[in-house]
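The values are calculated or read from the model by the stated rules, or taken from the named source; none is laboratory data. It should be emphasised that the depicted structure is a prediction, and the values quoted were computed from it without experimental measurement. Virtual Cβ from ideal backbone geometry, glycine too; neighbours counted across all protein chains shown. Areas reflect the complete protein model, heavy atoms only, side chains present, ligands, DNA and RNA absent. Shrake-Rupley method; radii C 1.70, N 1.55, O 1.52, S 1.80 Å.
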Amino acid sequence: METHINNRPPDKPKPSASRAPRDGPHRTYEHPALDTVPLNPRRCSHVLQLILKEHNWRHSSKPKGVSHKTVAERARFCYWLFDFLRDHPKHFKLDPRSFSGRHVEAVTRYWQDEAKADRMSPATIQTYFSFMKTFAGWIGKAKLLKPIGCYFDDPALYQRGLFSGVDKSWKAQGVNAAAVIAEVEVYDVHAAASLKLMQAFQLRFKESVMFRPHSDVITAAQAGKPNDGVESFLDTHRGTKGGRERLFPIDNATRQGAIAYARRVAVGVNDSVSDPRLTLLQAMRRLRYVMERFGITRAGLGVVPHGLRHQGAAEDFEQMTGSPPPIAGGPCVDLELDRRARFEISQRLGHGRLQIVGTYVGRPLTRPPGATASPPVTELLSEQSGDSVAAVSN
């Protein structure tokens with residue numbers, strides 16, 4: 001039997017049964033209720049810890065929880081926020097519950113200076129502003145923050161551009177996805193299975209790790225889809241953003257091959273493609289390690305796993321329209337056909353806003369002169385989904 005050795009000192013002897021108990025109530029390590037703690041700037045960290053414990057697990061607007069990643073990021077931001085205010089030239093000393101408009105202005109003014117010096121991106125500012133707004137809601141000041149545009153003198157500093165014009169696919173960077181995945185397969189079949197799923201179905205990193213190829217593939221009848229030549233669909237609902245479920249048709253040899261390979265890797269009916277000996281966190285760390293080992297990073301090959309998602313969206317656009325997407329230098333296509341393709345791609349990617357598809361395929365090109373007008377996008381969305389357009393645009 002293997003013996004584990006550690007340097008822990010021997011346990012202290014237990015008190016004898018004859019020892020008299022202490023007078024008074026037993027001490028506990030439970031945190032007091034937040035509403036029982038008086039305002040005290042000297043206990044800023046302690047109060048902030050209580051606020052985070054009470055609120056940080058929940059979504060800012062929906063009755064549900066959030067991911068561990070979001071919990072960690074919001075906590076780091078909140079601690080940075082009050083460290084920044086304490087170290088500010090005005091040396092703000094406050095209880096977190098006393099957070100007010102002048103503190104918001106001090107923070108956003110700093111962000112504006114950082115953005116003008118190219119040390120802070122619009123995406124980061126948008127994320128941090130959202131965190132600050134969420135925190136204000138936690139302390140009962142949901143209307144404390146004005147619209148973000150009130151704090152910046154140039155919209156370009158905080159507005160994210162959905163049409164970057166940069167093709168992030170592996171193909172655009174000259175990387176042969178099949179060859180790289182084949183190298184990974186020799187080293188780790190679980191990582192290879194995840195990459196094949198990302199390539200074939202545009203899955204996100206976490207979605208690919210959690211995918212169960214035996215139970216997460218359903219028939220067209222189970223999916224409520226018409227029998228139009230596609231017999232089965234990939235049902236993505238594990239690890240998705242916001243718990244949004246989506247269906248992806250298994251309609252070509254690449255997708256069928258990815259499912260077949262994933263099923264060989266995940267032997268059990270209820271097994272995912274990750275190593276069954278690992279927890280989810282360990283499996284994701286393992287996949288990141290394999291990516292770094294084979295240079296699937298910006299510093300290595302110049303690509304990341306998410307680039308396969310971009311590449312798949314571009315390939316779908318070309319298959320649906322007959323032309324490469326604008327981001328890959330494709331020509332102008334019929335506006336109605338372009339919109340229909342973008343809507344279908346947005347459903348496959350799991351995005352609620354149609355505009356985000358522009359990040360993957362580029363800005364729609366202007367219609368050639370003399371071409372006939374197309375129906376409004378609202379009509380197209382309603383026709384495709386049968387639901388209200390508001391559900392897509394929100």
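Here is a yes/no grid of residues against (1) open to solvent by less than 80 Å² (accessible area, probe 1.4 Å); (2) acidic (Asp, Glu); (3) modelled with pLDDT under 95:
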| position | (1), (2), (3) |
| --- | --- |
| 176 | no, no, no |
| 183 | no, yes, no |
| 192 | yes, no, no |
| 195 | yes, no, no |
| 223 | yes, no, yes |
| 259 | yes, no, no |
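Restricting to the stretch 207-261, name every residue that is within 25 Å of residue 67 (Cβ to Cβ) and acidic (Asp, Glu). Of everything in the stretch 207-261, those that are within 25 Å of residue 67 (Cβ to Cβ) and acidic (Asp, Glu) turn out to be 207, 216, 235, 245.
Restricting attention to the stretch 109-121 and to residues that are buried (at least 17 other Cβ atoms within 10 Å of the Cβ) and not aromatic (Phe, Trp, Tyr), the residue that is farthest from the chain's Cα centre (by Cα) turns out to be 112. Being open to solvent by 60 Å² or more (accessible area, probe 1.4 Å), more than 28 Å from residue 272 (Cα to Cα) and either acidic (Asp, Glu) or at pLDDT below 95 (or both) is a property that residue 153 has.
Of the numbered conditions (1) under 21 Å from residue 320 (Cβ atoms); (2) at pLDDT 95 or above, residue 172 satisfies every one except a single condition; which is it? That leaves (2) as the condition not met.
Conditions tested, residue by residue: (1) surrounded by 14 or more Cβ atoms within 10 Å (Cβ to Cβ); (2) over 26 Å from residue 359 (Cβ atoms); (3) of a type outside the set (Asp, Glu); (4) over 18 Å from the mean Cα position of the chain (by Cα).
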{"position": "278", "(1), (2), (3), (4)": "yes, yes, yes, yes"}
{"position": "292", "(1), (2), (3), (4)": "no, no, no, yes"}
{"position": "298", "(1), (2), (3), (4)": "no, no, yes, yes"}
{"position": "301", "(1), (2), (3), (4)": "yes, no, yes, yes"}
{"position": "305", "(1), (2), (3), (4)": "yes, no, yes, no"}
{"position": "310", "(1), (2), (3), (4)": "yes, no, yes, no"}
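The residue list 69, 133 contains one member that is open to solvent by 40 Å² or more (accessible area, probe 1.4 Å), basic (Lys, Arg), closer than 27 Å to residue 49 by Cβ and modelled with pLDDT under 95, which is 69. If you go through the stretch 237-271 and keep only what is touching a Pro at 6+ places or on another chain (Cβ under 8 Å) and not in a helix (DSSP H, G or I), you end up with 266, 268. Of all the numbered requirements in (1) assigned to a loop (DSSP other than H, G, I, E, B); (2) open to solvent by 60 Å² or more (accessible area, probe 1.4 Å), residue 94 misses one, and that requirement is (2). For residue 216, the requirement of being of a type outside the set (Ser, Thr, Tyr) and either in contact with a helix residue (DSSP H, G or I) (Cβ under 6 Å, 6 or more places away or on another chain) or open to solvent by 20 Å² or more (accessible area, probe 1.4 Å) (or both) is not met.
Quickly run through the stretch 52-87 and pick out the residues that are outside any helix (DSSP H, G or I) and more than 27 Å from residue 102 (Cβ to Cβ). Selection gives 57, 58, 59, 62, 63, 64, 65, 66, 67. When you look at residue 349, is it over 30 Å from residue 189 (Cβ atoms) and of a type in the set (A, V, I, L, M, F, W, C), yes or no? For residue 349, the condition - over 30 Å from residue 189 (Cβ atoms) and of a type in the set (A, V, I, L, M, F, W, C) - is not met.
Could you tell me whether the stretch 188-206 includes any residue that is within 23 Å of residue 315 (Cα to Cα), more than 21 Å from the chain's Cα centre (by Cα) and touching a residue at least 60 places away in the same chain (Cβ under 8 Å)? Yes, the stretch 188-206 has at least one match. Screening the stretch 297-341 for residues that are β-branched (Val, Ile, Thr) and in contact with a helix residue (DSSP H, G or I) (Cβ under 7 Å, 6 or more places away or on another chain) and picking the one that is modelled with the lowest pLDDT gives 333.
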